[in-house]
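Reviewing the structure listed below.
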Amino acid sequence: MLRLMWKSTDKMRCLRKRSTLPLLGFLVAFLLLFNLYMDMDGYVLEAEKRQLGETLMQPASSERYIHTFRDLSNFSGTINVTYRYLAGFPLPRKKYLTIGLSSVKRKRGNYLLETIKSIFDQSSYEELNEIVVVVHLADFDSLWCDNLLREISRKFSHHIIAGRLLVIQAPEEYYPSLDGLKRNYNDPEDRVRFRSKQNVDYAFLLNFCTNLSDFYMMLEDDVRCARNFLTALKKVIASREGSYWVMLEFSKLGYIGKLYHARDLPRLAHFLLMFYQEMPCDWLLIHFRGLLAQKDVIRFKPSLFQHMGYYSSYRGAENKLKDDDFEEDAVDIPDNPPARLYTNMAVFESYAAAKAYSAVDEYFWGKPPSTGDFFVVVFNKSAKISRIKIATGSDDRKNDILHHGAVEVGQRRAEGKQDGQCASYITLGEFKGGRVEVQDVDRKIGFDVDCVRIVVTAGQKEWLIIRTISLWTAHPGSSLVK
């Protein structure tokens, strides 16, 4: 059906082209932006709107978008595609996380099997029960697909049977024309074709994964995973409870490690399909994030996924990019229970208190503190804290540390205090060299914690950077499947 619509559009270009094109271009632009913004609170980056608007209003673009106008006018619905199930079937129960991989034939090397193996090997048995991996074999070479499918079925049969691995394909007839595409950015014709098809590959993959889980992780097919990456992801998601986000990033490379709410997948799939020939996928993801009102990149360290391929899927060119923030054993990510943060220190510009409690690479920065100044974390719910680790200063401002201070924990919030602080505190440790770490907190204090407080015990002339406040809760660990 999509193919017929695309073909009919090509014929329409020869009829009434000059008279109808401006009106259709304007109509498509207006309705697209309206649908994208209809669920937002009204805040959209003006720069993003301007760039998207300029792209939408180009006549050559508009005439190519007419073919999907009827389908795309409702961005909350899935695209009507009949997929081929090559291996496995979706289970009726929703999982916590879907991991999506799209793979095509490479001229040199193939890393898909290693990527799938890394996902499963680096997960515990408990974690495996919460994930489903969907592989989209997006190459039109049937022999290549058949051979790779046999290898996948042979090596991962138990995961297929358990419903943890699905292999699908969107038939070629659903793809738009990949000939005569716009050559934006002076890209060679074959590169434009490659990246345009890649956008459609991902659109169809996202569309398929819409109802499989609560969250969706986008990976490439040449990736190595950190140990217990799902546990780390869940900690981060829990720490963002109550805050708005569209895309969380767990790698700084391409479209590796990009996390979405599953509810946003239909709109993202439509978006990629609508602008499939305009720009590379990773650029479109940035525009999509901005249109849904996430102003800044939210990226977490250490990275949980590493690029391991040496040869690109485009022309087999060398691609040795590595994420230097990746850590194989990233299980030490703090839990940081949901909390409110308060301080009586003078805050410098936008370096707010909350930035010290985030896993993102940012920090609190305040003017010189005085004796008795405080910085307090007040939990939304009492928590059993097992470990506290706080670091001050930064690599380029090494003297902006807390020279004299202590860390305290408290319970029972004080009545009538606007900042929600606790009625009483006990001291657990003192800062040395701008750092403090306390182990086995739950065993030392014997109560659930409502507040964690940093107290300045002597004034200083230097400004203060609180780089990270890392808190771990007491819960049983998990072991990897051997």
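The values are calculated or read from the model by the stated rules, or taken from the named source; none is laboratory data. What you see is a predicted model; the values in this text were computed from it and never measured. Virtual Cβ from ideal backbone geometry, glycine too; neighbours counted across all protein chains shown.
Of all residues being in contact with a Ser or Thr (Cβ under 8 Å, 6 or more places away or on another chain) and buried (at least 22 other Cβ atoms within 10 Å of the Cβ) in the stretch 384-399, which is nearest to TYR357 (Cα to Cα)? Just the residue, please.
So the residue we want is ILE390.
With the condition kept exactly as written, say whether any residue in the stretch 180-203 is more than 25 Å from ILE119 (Cβ to Cβ), among the aromatic types (Phe, Trp, Tyr) and in a loop (DSSP other than H, G, I, E, B).
No, the conditions are met nowhere in the stretch 180-203.
Give me the residue from the stretch 242-285 that is within 14 Å of the chain's Cα centre (by Cα) and small (Gly, Ala, Ser) and, out of that set, modelled with the highest pLDDT.
If we take residues in the stretch 242-285 being within 14 Å of the chain's Cα centre (by Cα) and small (Gly, Ala, Ser), then ALA262 is modelled with the highest pLDDT.
Could you check, for the stretch 346-364, whether at least one of its residues is under 23 Å from the mean Cα position of the chain (by Cα), on the phi > 0 side of the Ramachandran plot and either not aliphatic (A, V, I, L, M) or not in a loop (DSSP other than H, G, I, E, B) (or both)?
no
For the stretch 176-197, what are the residues that are within 16 Å of ALA138 (Cβ to Cβ), surrounded by fewer than 21 Cβ atoms within 10 Å (Cβ to Cβ) and not basic (Lys, Arg)?
LEU178, PHE194
Six or more apart or on different chains, Cβ under 6 Å: which pairs go from a residue in the stretch 184-203 that's in the same structural domain as GLN277 (by TED's automatic domain parsing) and within 19 Å of PHE271 (Cβ to Cβ) to one that's among the aromatic types (Phe, Trp, Tyr) and outside any helix (DSSP H, G or I)? Could you list them?
What qualifies is SER196/TYR276; ASN199/TYR276; VAL200/TYR175; VAL200/TYR276.
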